[in-house]
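Inspection log for the structure reproduced underneath, given as structure tokens.
The values are calculated or read from the model by the stated rules, or taken from the named source; none is laboratory data. Keep in mind it's a predicted model, so treat the numbers as computed, not measured. Neighbour counts run over all protein chains shown; Cβ positions are idealised from the backbone, glycine included. The accessibility values were calculated without ligands, DNA or RNA, using every heavy atom of the protein model including side chains. Shrake-Rupley method; radii C 1.70, N 1.55, O 1.52, S 1.80 Å.
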Amino acid sequence: MNFETLLQTLVFGFFVGSLYGVAAIGLSLVFGVMKILNVAHGELMMLAGYVSYFVFSLFGIDPFVSILISIPVLFCVGLLLDRLVYRRIHLLTGEAKIKNSLLVSFGLSLILQALAIQFFTADERAIQASYSGYSLTLGGIILPYTRLISLFIIFGVISLLHWFLQRTITGKAIRAAAEDAEAANLAGINIQRFYMLTLALSAALSGLAGSLVIIGYGITPTVGVVWLLRGLIVVVLAGTGSIFGTFSAGILLGLVEAISSTLFGAASREIVGLVMFLVVLVLRPQGLFGKKG
Amino acid sequence: MLEVKNLGVAYGDVRAVWDISFHVNVGEIVVLIGPNGAGKTSTLRSIAGLQPIVAGQVDYLNKPIHQPKLFTHAHELVSQGIVLVHEGRRLFGSMSVSENLELGAFSPQARKVKNRTLTQVFEMFPRLAERKDQRANTMSGGEQQMLAIGRAMMGLPKLLILDEPSLGLAPLVVKLIFDVIRELNQQGMTILLVEQNAKRALALASRAYVIEQGRIAGTGTGAALLNDPNVQHSYLGGVL
């Protein structure tokens with residue numbers, strides 16, 4: 001394998017890794033703040049993909065513009081899910097909470113998959129925009145425009161999220177609830193309301209991720225689990241607490257997958273992430289960027 | 001101001017508080033003393049709206065706030081003026097001093113006068129002003145306790161509840177904390193205090209209650225309890 005092929009592989013790994021990062025930030029936000037694992041996160045991405053697909057195929061709305069629709073739609077789905085499903089789980093504590101969150105969200109993911117097969121059929125959908133085939137070539141390396149725009153949008157959104165969590169009082173309240181829910185409650189913060197907002201934000205991020213996935217890669221009703229698995233690996237790699245840490249871990253997974261599939265064949269792609277997952281769990285359980293304790 | 005009637009608190013099948021009744025009048029410093037595991041912290045957590053009660057009733061400003069079937073959450077009580085400084089301080093350790101204080105003024109009415117309250121907090125604890133950009137968990141125990149009290153002040157408490165504010169602190173800092181409690185009281189804040197340091201606490205108290213095994217075992221003015229032979233024996237090390 002020559003240098004150019006390697007570089008090209010890494011570039012594509014970087015692009016897909018940025019999406020792993022976004023998927024993982026959504027998962028990590030809910031896990032860090034609410035201490036529940038939302039297994040249905042991948043299905044929320046899948047739904048967002050279909051939102052983009054249908055507004056494109058029915059109304060001809062540009063897939064990147066459709067993010068402006070899929071994000072608010074998924075934000076509302078998040079609010080609704082919290083109201084109908086997760087609110088009951090917040091009332092539990094400790095082990096009962098994590099166990100029930102797993103069971104309930106796993107059930108939810110199955111239901112969403114079944115509904116998607118029913119209404120959208122099991123066919124794979126993707127969006128071919130007029131500019132889909134075009135790319136920038138830099139020193140022999142191909143940079144498709146769609147991937148570049150995706151990356152640009154992702155950087156914008158996670159920077160905005162970072163600013164929101166670090167600088168605004170609402171963001172600080174979310175961080176306070178993540179750090180110590182009782183102490184936040186004693187400071188006058190209505191925990192339930194901020195949990196609801198957190199789930200909605202996470203769903204909105206899955207909205208972004210899902211729309212970008214259908215532009216670059218394609219969506220089926222069962223695609224969620226693939227992205228969920230990648231997201232989980234990234235969350236474990238990164239540890240919770242840092243948006244850019246999680247994003248970097250996403251990129252890392254993308255790069256490692258790309259290299260291993262070039263070197264050892266496409267099948268190794270599925271394995272390498274899980275191997276990293278195990279190694280990090282054994283050697284550095286707080287994650288690469290997480291803090292101890 | 002606060003009236004606790006036959007309070008019962010349980011964690012699952014484990015009863016922490018059996019039958020506790022006491023009251024706090026406006027402007028008082030009321031102290032609860034008692035051995036570890038007597039139910040003091042559970043009592044405070046219930047009053048502040050962190051733990052539902054299983055028996056009895058708690059009234060605040062002549063209105064019931066807690067009954068076995070009525071639970072007012074902590075954040076609602078903060079806007080009504082009940083603020084608890086939890087045992088162990090419970091700061092937001094990864095955030096700065098300023099951010100902790102800002103979050104203390106989260107309720108709408110507190111947020112409106114945030115800057116004015118902040119000036120008062122910094123006047124009372126100049127150390128916090130010096131360290132306002134420092135991460136809370138990198139400060140000393142004494143500074144952290146100042147921040148915990150400062151954060152509570154930001155919520156504009158009418159009734160400030162403190163759980164073991166002097167625990168694990170150096171004697172000089174303990175004195176500072178008690179001076180601050182006295183000063184806040186003189187400014188008109190009503191105080192409910194749980195303390196291991198019974199001698200200092202009783203010296204400060206308008207009235208005090210002794211809690212043992214989830215029940216009230218005695219009550220009196222601070223001075224009366226300081227001179228009570230049983231209290232001296234059990235909580236004041238037998239010497240005075």
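Results, tabulated for the structure shown:
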item: B/A buried area, accessible surface, summed, 1.4 Å probe, Å²; result: 2000
item: Residues with amide H under 5 Å from that of residue B:211, placed H, sequence gap 5 or more; result: B:33, B:34, B:217
item: Loop-located chymotrypsin sites (Phe, Trp or Tyr not before Pro) in the range B:178-240, at most 12 other Cβ atoms within 10 Å (DSSP); result: none
item: Cβ-defined net charge surrounding residue B:7, 13 Å radius [Lys, Arg +1; Asp, Glu -1]; result: +2
item: Delta accessible area of at least 30 Å² on complex formation, residues of the range A:134-177, 1.4 Å probe, chain isolated as reference; result: A:169, A:172, A:175, A:176
item: Distant-in-sequence amide H partners of residue B:66 (H built 1.01 Å from N, under 5 Å); result: B:58
item: Neighbourhood net charge (14 Å Cβ-Cβ; Lys/Arg +1, Asp/Glu -1) for residue B:204; result: +1
item: The range B:3-81: radius of gyration and largest Cα-Cα distance (Dmax), Å; result: 12.0, 37
item: Members of the range B:76-92 that become less accessible by 20 Å² or more once partner protein chains are added (1.4 angstrom probe, chain alone as reference); result: B:78, B:84, B:90, B:92
item: Given A:172/B:63; B:69/B:158; B:63/B:158, the pairs whose alpha carbons are separated by over 21 Å; result: A:172/B:63; B:69/B:158
item: Where chain B is the region considered: accessible area per residue in Å², 1.4 Å probe; result: 43
item: The range A:74-152 and the range A:194-221: distance between their alpha carbon centers, rounded to Å; result: 4
item: Under the Karplus curve 6.51 cos²θ - 1.76 cosθ + 1.60, θ = phi - 60°, whole-Hz ³J(HN,Hα) for the range B:104-116, x wherever Gly or Pro sits; result: x, 9, 6, 5, x, 5, 6, 5, 4, 10, 3, 5, 5
item: Given chain A, longest segment not containing exposed loop chymotrypsin sites (Phe, Trp or Tyr not before Pro) (DSSP; at most 14 other Cβ within 10 Å); result: A:135-293
item: Alpha-carbon centroids, the range A:1-52 and the range B:146-224: separation in whole Å; result: 51
item: Residues with amide H under 5 Å from that of residue B:16, placed H, sequence gap 5 or more; result: B:9, B:10, B:11
item: Share of carbon and sulfur in the accessible heavy-atom surface of the protein assembly as shown [1.4 Å probe, %]; result: 62
item: Residue-by-residue Karplus 3J(HN,Hα) for the range A:239-246, coefficients 6.51, -1.76, 1.60, Hz, glycine and proline x; result: x, 8, x, 9, 4, 6, x, 5
item: Where trypsin sites (Lys or Arg not before Pro) fall in DSSP loop in the range B:1-82, at most 11 other Cβ within 10 Å; result: B:69
item: Integer Hz, Karplus 6.51/-1.76/1.60 couplings in order for the range B:68-83, x for Gly and Pro; result: x, 10, 10, 10, 9, 5, 3, 5, 6, 5, 4, 5, 8, x, 9, 10
item: Antiparallel bridges, percent of DSSP beta bridges restricted to the protein assembly as shown (to nearest 5); result: 60
